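S.K.: Sharing a structure with you now.
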Amino acid sequence: MKIAVLALQGAFAEHARALELLGAEAYEIRQLKDFTTQKWDGLVIPGGESTVMGKLLDDLGLSEPIADALRDGLPVLGTCAGLILLSKSILRHNQALADTVSQKEYYFPVLDATVQRNAYGRQLGSFQVVEKFRTTKGEVPIPMVFIRGPIIAEVGASVEILARVYDRVVAVRQGAVMATAFHPELTDNLTVHQEFIANIKQHHQVNK
Ligand code: GLN
């Protein structure tokens, strides 16, 4: 199984390591040809700063080929800024932390969700909790690292909620799309990556 890991910003090496520990082959995508010269089973969009990553994607000519692949159903895991880039809409006004950075309304609108960036305010900008995460085999407690993460304010009817923290939705799945507001790659727990690989396999079966 070949998984592309967008390597423009953030903890892409940790994502690649987690996937390789689970037996997948992970390839870092730094430029257009890294993405277009192979056929992928999955894609990871890591955390970082969604505005910066969006701009880099545009500048490198990667936005369109990735958008096309996602539209065609390439399974994807987006974490933190990755979740923001996958969401259909972004709430602009944030009382807790005024955020005036202008941003395209969306990049890859494959997840029927509305997110709010930097939504935990200054006090709770970065924190770690252990909370239940819904897997195909039931719920398991996993460590979740938040770093100025977004909240998922609204989801559409076809979006499955996988985890909540402080009553807020922090992990979701919609068909081939999985996304978390936290950073699973920054812990030793492989549950989220394992579920992503399971989702890729299931998706291949569905498409056969
Ligand atoms: N605050 C970042 C954003 O809005 C996300 C932070 C992260 O990915 N850890 O894009």
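The values are calculated or read from the model by the stated rules, or taken from the named source; none is laboratory data. Keep in mind the model is a prediction, meaning the values are calculated, not measured. Every residue, glycine as well, gets a Cβ built from its backbone with ideal geometry; the counts of neighbours run over all protein chains shown. The protein model used for the area step is the full one, side chains on, heavy atoms only, and it has no ligands, DNA or RNA in it. Shrake-Rupley method; radii C 1.70, N 1.55, O 1.52, S 1.80 Å.
S.K.: Taking each full run of DSSP H in the chain as one helix, which ones are at least 30 Å long along their axis (Cα atoms) and have mean Kyte-Doolittle hydropathy of at least -0.5? Each step should come with its number before you reach the end.
M.R.: On the way: long enough: none.
For the chain, where a helix must reach 30 Å along its axis and average at least -0.5, there are no hits.
S.K.: At a Förster distance of 22 Å, what's the computed FRET efficiency of V129 paired with D188, Cβ-Cβ distance as r, to 0.05?
M.R.: Working: r = 16 Å, r/R0 = 0.72.
So, using R0 = 22 Å, E works out to roughly 0.90.
S.K.: Between K137 and Q31, with labels modelled 7 Å along Cα→Cβ, what's the label distance in nm to one decimal, could you check?
M.R.: 4.2
S.K.: While we're looking at this one, here's another question. Largest first, what is the accessible-area ranking of L56, L6 with a 1.4 Å probe?
M.R.: Working: L56 60, L6 0 Å².
So the residues, ranked largest to smallest area, are L56, L6.
S.K.: Further question: Cα-Cα over 18 Å: which of K2/K55; K2/K33; K2/K201; K88/K132; K2/K39?
M.R.: Numbers: K2/K55 26 Å; K2/K33 16 Å; K2/K201 12 Å; K88/K132 26 Å; K2/K39 8 Å.
Beyond 18 Å: K2/K55; K88/K132.
S.K.: Determine how large the accessible area of K33 is when every protein chain is in place; take a 1.4 Å probe and give Å² rounded to the nearest 10.
M.R.: Rounded to the nearest 10, that gives 120 Å².
S.K.: Additional query: Sorting D59, D68 by accessible area (1.4 Å probe), largest first, what list results?
M.R.: D59, D68
S.K.: Between Y166 and V52, what is the FRET efficiency for a Förster distance of 22 Å, r being their Cβ-Cβ separation, to the nearest 0.05?
M.R.: Numbers: r = 27 Å, r/R0 = 1.23.
Step by step, r from the Cβ atoms, then E = 0.20.
S.K.: Taking a cut-off of 20 Å, what percent of all Cα-Cα pairs in the chain are separated by more than that?
M.R.: Here the long-distance tail beyond 20 Å is 52 percent of all Cα pairs in the chain.
S.K.: Let me ask something else. Give me the tail of P(r) for the range 120-167 as a percent: Cα-Cα pairs with distance above 12 Å. Write down the numbers at each step before the final one.
M.R.: On the way: 771 of 1128 pairs.
Summing the P(r) tail past 12 Å for the range 120-167 gives 68 percent.
S.K.: Tell me, what is the per residue accessible area of the range 26-89 in Å², probe radius 1.4 Å?
M.R.: Numbers: 2540 Å² over 64 residues.
Ligands and nucleic acids excluded, the result is 40 Å² per residue.
S.K.: If I ignore ligands, DNA and RNA and count only protein heavy atoms, how much of D41 is accessible to a 1.4 Å probe, in Å² to the nearest 10?
M.R.: Probe radius 1.4 Å; accessible area of D41 about 40 Å².
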